[in-house]
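Novice: Below are the structure tokens for one structure; questions will follow.
The values are calculated or read from the model by the stated rules, or taken from the named source; none is laboratory data. Everything numeric in this text was worked out from a predicted model, so none of it was measured. Heads up, the Cβs are rebuilt from the backbone with ideal geometry, glycines too, and the neighbour counts pull from every protein chain shown. SASA here: full protein model, heavy atoms, side chains in, ligands and nucleic acids out. Shrake-Rupley method; radii C 1.70, N 1.55, O 1.52, S 1.80 Å.
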Amino acid sequence: MINGIDGVKNIVASAKQRNENVGLVPTMGGLHEGHLSLIRRADNENEKVIVTVFVNPKQFGPEEDLDRYPRDLDRDMSLADEAGADVVFAPDANVIYPEGFSTYVNVEGLTDLLCGASRPGHFRGVITVCVKLFSIVRADRTYFGEKDAQQLRIIKRVVRDLNIPIEVVACPIIREPDGLAMSSRNVYLSPEQREGAVCLYNALLKAESLYDSGTRESGTIIREIEAVISGVPEAEIDYISIVDNDS
Ligand code: AMP
């Protein structure tokens, strides 16, 4: 495990000297099969794989779960290692954000919609830390999950807009056997909530089947999604949107 910026830079520099490709997998830890699928893919496609474990304070709102976010670095290191990581970079917050830190990167427009509307500042924090990680690690490729679809879209945009020399690789969603997308935050769910949470996947399946059978009116699909989710007492709808993937 490396927690200093120079340490990780040195490893990348010597990999580059050997003409090796470097893959970067940014995470907040609490690793599960979703993260491990990204690491395995990075391992297949690059000689050197750097996994970052950093619970980024700048992407949490004041009322969010920064303090109780699942942290277990020893476990994360052994899982990352088994999946093919060469280095786990786990810096402290004051290494990434030293005293006087005052530069932020934002993507206008895309960050205001969907999850951005209910989590002001969240994507600005995500983008800022990712740009820092890209600039520290200088990887050839970086791996992001389609589970966080808006985040993936935004990262692709920032890389394009700022000409950051890195390829953003999108990886499919890994799900629990019943269909719930794996997430470090699933541990917060009570047994009842965990059972009900699969309504999200069921709602997506419903939408897909409507689309496949020819429905093209988004309002109709949205109403059906709403009906599936409303059937679960503990589920509260934040938003349902059908949007253009690029914009
Ligand atoms: P996180 O630790 O939640 O910030 O996630 C780190 C990376 O893993 C992000 O690119 C996520 O999209 C990705 N990821 C998290 N859960 C999954 C999943 N179930 N399937 C695929 N990718 C995932």
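Novice: In this structure, does residue 13 turn out to be crowded, with 20+ Cβ neighbours inside 10 Å, more than 13 Å from the chain's Cα centre (by Cα) and either among the aliphatic types (A, V, I, L, M) or not in a helix (DSSP H, G or I) (or both)?
Specialist: no
Novice: Could you list, ordered by first residue, the pairs with Cβ atoms under 7 Å in which the first is in segment 35-49 and assigned to a loop (DSSP other than H, G, I, E, B) and the second is away from the ligand (no atom under 14 Å from the Cβ) and open to solvent by less than 70 Å² (accessible area, probe 1.4 Å), at least 6 apart or interchain?
Specialist: Matching pairs, first to second residue: 46/21; 46/22; 46/140; 47/15; 47/20; 47/21.
Novice: Among (1) over 30 Å from residue 45 (Cα atoms); (2) hydrophobic (A, V, I, L, M, F, W, C); (3) assigned to a helix (DSSP H, G or I); (4) open to solvent by less than 60 Å² (accessible area, probe 1.4 Å), there is one condition residue 205 misses while meeting the rest; what is its number?
Specialist: Single failed check for residue 205: (4).
Novice: Exactly one of (1) of a type outside the set (S, T, N, Q); (2) within 13 Å of the ligand (Cβ to nearest atom); (3) free of Cβ contacts under 8 Å to residues at least 12 places away in the same chain is unmet by residue 125. Its number?
Specialist: So residue 125 meets the others, but not (3).
Novice: Restrict the check to segment 50-58 and report whether at least one residue is among the aliphatic types (A, V, I, L, M), under 23 Å from residue 182 (Cβ atoms), in a strand (DSSP E or B) and touching a residue at least 60 places away in the same chain (Cβ under 8 Å).
Specialist: yes
Novice: Provide a single number: the residues in segment 170-205 that are under 25 Å from residue 67 (Cα atoms) and either out of contact with any Gly (no Cβ under 6 Å at 6 or more places or on another chain) or of a type outside the set (S, T, N, Q) (or both).
Specialist: 15
Novice: Would you confirm whether any residue within segment 90-101 is touching a residue at least 40 places away in the same chain (Cβ under 8 Å) and in a helix (DSSP H, G or I)?
Specialist: Looking for residues that are touching a residue at least 40 places away in the same chain (Cβ under 8 Å) and in a helix (DSSP H, G or I), one finds at least one in segment 90-101, hence yes.
Novice: Being open to solvent by 70 Å² or more (accessible area, probe 1.4 Å), touching a residue at least 24 places away in the same chain (Cβ under 8 Å), within 14 Å of the ligand (Cβ to nearest atom) and assigned to a loop (DSSP other than H, G, I, E, B) is the filter here; which residues of segment 153-201 pass it?
Specialist: Matches in segment 153-201: 172 only.
Novice: Mind counting the residues in segment 23-40 that are more than 10 Å from the ligand (Cβ to nearest atom) and either more than 11 Å from residue 143 (Cα to Cα) or open to solvent by 20 Å² or more (accessible area, probe 1.4 Å) (or both)?
Specialist: So the count comes out to 1.
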